[in-house]
């Protein structure tokens, strides 16, 4: 660990057990190494793995030597194949989907598998400046010596261009439109001009960009048609079946829980299924058996939120219970996830409890716990 507890990306690779959430290339280093050793297929310039191996890393499988590659994404195989194939071309990749569809997760693992480094990241916000995507200046150097390459502070995108690596931009549609449009020349010409120096940075083979975006949240800035044309868009859907969503929630909760020293998720599988059922029914506006139409709350009730509810419940069970996940541990988290706008969403939640949960066989303990926290 570096002085004052600050680590570089290289430090983190040597200190996996000393950070709360290791980067993908650190947490899954063994799998990536095994895939690289077994991978005899052609690799694009500066790729750590072939496109086939990158897809295997994300989707999971078993190698000839018996090494098990855990799935990082549970969903249609073709989606992952299209995303990987896009990165092997000169077109940037835009992962689009509603909140909670694993866009960031997929983006990180793609960068880790392709470049061995997922840290070349720009986090998009309403206040993201152009310098975060292009470059900035060390003002002490600038004032002392004037514009020079030593005074220039490269952005993650600029570093990726120079090194032939994969850069990531999270929440692209949250970035102001004029800043977004700074990507147009960069993606079409593969060049980043530095007019202050009369120079430019040209992308070397291996460079590409992965962006994520959703159009459900408030405060988004639509992409211009010129910028959208520079991306190949891949839409990540919500899990197709309840079983698929339960599997995703259980896997992620187990991974998060190991880092937090919480009870393992499998002992609470029944409660996980209940949470997923509630989220899917309210999200779809109809019960699983198709018999009862429901009002949907204002929130997205995404898979990511289900993971958060279950993780919070496990923490309650571990620290204030007997370590076994029960309905009482989940009720408060469910209420917070469903009731985002108190006036309207509370009515939706109360109606769902009384007309669906109360009448469902084997759900009486769940109903009582939810009623107790709902008031």
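For segment 123-235, the share of DSSP beta bridges that are antiparallel, to the nearest 5, is 60%.
Using a Gaussian network model of the chain in which every pair of alpha carbons under 10 angstrom is joined by a spring, one finds that among 244, 25, 108 the greatest mean-square fluctuation is at 244. For the chain, modelled as a Gaussian network with Cα springs under 10 Å, which listed residue fluctuates most, 111, 53, 85? Of 111, 53, 85, the most mobile in the Gaussian network model is 85.
Whole angstrom only: what separates the Cα centroid of segment 132-149 from the Cα centroid of segment 304-327? Centre-to-centre (Cα) distance: 49 Å. Here the chain carries DSSP beta bridges of which approximately 40% are antiparallel, counting only pairs with both residues inside. By the count of neighbouring beta-carbon atoms within 10 Å, fewest first, 139, 367 end up ordered 139, 367. Going by neighbour counts of Cβ atoms within 10 Å, the residues 184, 256 line up, fewest first, as 184, 256.
Cα centroids of segment 160-214 and segment 43-105: 22 Å apart. Helical runs assigned H by DSSP (4 residues or longer) give the chain a calculated mean residue ellipticity at 222 nm of -13000 deg cm²/dmol, each run adding -39500 (n - 2.57) before division by the residue total. Can you classify segment 3-235 as rounded, prolate or oblate using the Cα gyration tensor, where a ≥ b ≥ c are the square roots of its eigenvalues, rounded means a/c under 1.5, and otherwise it's prolate if a/b beats b/c and oblate if not? Prolate shape, in that a/c is at least 1.5 and a/b is the bigger ratio. For the chain, a Gaussian network of Cα nodes joined below 10 Å ranks 178, 65, 117 by mean-square fluctuation, and the top entry is 65.
Between helix 103-115 and the chain there is an angle of about 40 degrees, using the helix long axis and the longest principal axis of the Cα atoms.
The spacing between segment 329-375 and segment 228-263, judged by their C-alpha centroids, is 24 Å.
Taking other C-beta atoms within 10 Å as the exposure proxy, 345, 150 rank 150, 345 from fewest upward.
The numbers here are math on the coordinates, done by the rules we state, and not lab data. In this text the structure is predicted, and so the values were computed from the model without any measurement. Here Cβ is always computed from backbone atoms with ideal geometry, including for glycine, and neighbour counts include all displayed protein chains.
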